[in-house]
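Chemist: A single structure is presented below for examination.
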Amino acid sequence: MEPRRRVVLTGAGGQIGQAIVPLLPADWDVLCTDLEARKDVAALDVTDPDACHRFFTGADAVVHLAAVPDPAASWERLLPANVVGAYQVAEAAANCGVRRLVLASSLHAVSAVPAQTQVRTDDAPRPANLYGATKAWAEALGAWVAATTATSVVALRIGYFAVRQTPPSWYARPWRPTASRSSWLTASPLTATAVRTSRTRCSN
């Protein structure tokens, strides 16, 4: 039987957070957080290191979704959550001895790759906007944590998200390789797998 997991989810009030929380395993002890408190969601400012430590203490996993998700966002909008917040979450998770840190990255981390080129997991980031650059930063933080602490890290590059069961028509453009088309996955099972798996590429 799988042990009862205490999982802290940041950004639970966002579109992805609201979609995946009801579908996560019922036997998990999920603590949902967001910048503002609401029903079943606790207030957590991810730029506050002390608050992150309080929430992450005793957690088996932290799923970090909190961010400004706008590819057109300015540096001023992105800096608090996407840059400072990502660092505070990564450091707090490591310092609290969290087993697994799951980071929500984005296809925008490699959005400047030529359209005819299939992106590989080992390719260097190549963002086309500041938002993508902040996601490359989050991935780098994950690599740092995995290489220097006992916390293992999974970074999920989210290509497209919508509350629907099938991808939009543009997602299966003819030039996309079959591997890319077949990678359309629902967010909740993907998140659960990232938390559960014992095999990761980024581990110390």
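The values are calculated or read from the model by the stated rules, or taken from the named source; none is laboratory data. In this text, all values refer to a predicted model and were calculated from it rather than measured experimentally. Because the Cβ atoms are built from the backbone with ideal geometry, glycine has one as well, and the counts that use them run over all protein chains shown.
Chemist: Only one of these conditions is not met by residue 121: (1) surrounded by 17 or more Cβ atoms within 10 Å (Cβ to Cβ); (2) part of a loop (DSSP other than H, G, I, E, B). Which number is it?
Modeler: With (1) surrounded by 17 or more Cβ atoms within 10 Å (Cβ to Cβ); (2) part of a loop (DSSP other than H, G, I, E, B) applied to residue 121, the lone miss is (1).
Chemist: For segment 9-50, name all the residues that are among the aliphatic types (A, V, I, L, M) and closer than 24 Å to residue 70 by Cβ. Outline the logic, then answer.
Modeler: First, pick out the residues of segment 9-50 that are among the aliphatic types (A, V, I, L, M): 9, 12, 16, 19-21, 23-24, 26, 30-31, 35, 37, 41-44, 46.
Selection gives 9, 12, 16, 19, 20, 21, 35, 37, 41, 43, 44, 46.
Chemist: Which one of these does residue 63 not meet: (1) closer than 19 Å to residue 159 by Cβ; (2) free of Cβ contacts under 8 Å to residues at least 60 places away in the same chain?
Modeler: If we test residue 63 against (1) closer than 19 Å to residue 159 by Cβ; (2) free of Cβ contacts under 8 Å to residues at least 60 places away in the same chain, just (2) comes out false.
Chemist: Something else: Residues of segment 98-117 being farther than 26 Å from residue 17 by Cα and surrounded by 12 or more Cβ atoms within 10 Å (Cβ to Cβ), which ones? Don't jump to the end; show me each part of the working.
Modeler: First, pick out the residues of segment 98-117 that are farther than 26 Å from residue 17 by Cα: 112-117.
Across segment 98-117, the qualifying residues are 112, 113.
Chemist: Considering 46, 84, which residue is surrounded by 18 or more Cβ atoms within 10 Å (Cβ to Cβ), of a type outside the set (S, T, N, Q) and at pLDDT 95 or above? Write out each step before concluding.
Modeler: On the way: 84 fails: surrounded by 18 or more Cβ atoms within 10 Å (Cβ to Cβ).
Exactly one of 46, 84 is surrounded by 18 or more Cβ atoms within 10 Å (Cβ to Cβ), of a type outside the set (S, T, N, Q) and at pLDDT 95 or above, namely 46.
Chemist: Within segment 64-99, take every residue that is within 12 Å of the chain's Cα centre (by Cα) and not β-branched (Val, Ile, Thr) and give me the one that is nearest to residue 142 (Cα to Cα).
Modeler: Only one residue tops the list, namely 90.
Chemist: A follow-up question, please. Would a scan of segment 157-180 turn up a residue that is modelled with pLDDT of 80 or more and of a type in the set (A, V, I, L, M, F, W, C)?
Modeler: Scanning segment 157-180 turns up at least one residue that is modelled with pLDDT of 80 or more and of a type in the set (A, V, I, L, M, F, W, C).
Chemist: Which residue out of 92, 61 is closer than 27 Å to residue 196 by Cβ, modelled with pLDDT of 95 or more, buried (at least 23 other Cβ atoms within 10 Å of the Cβ) and in contact with a Lys or Arg (Cβ under 6 Å, 6 or more places away or on another chain)?
Modeler: On the way: 92 fails: in contact with a Lys or Arg (Cβ under 6 Å, 6 or more places away or on another chain).
Every option except 61 fails the conditions.
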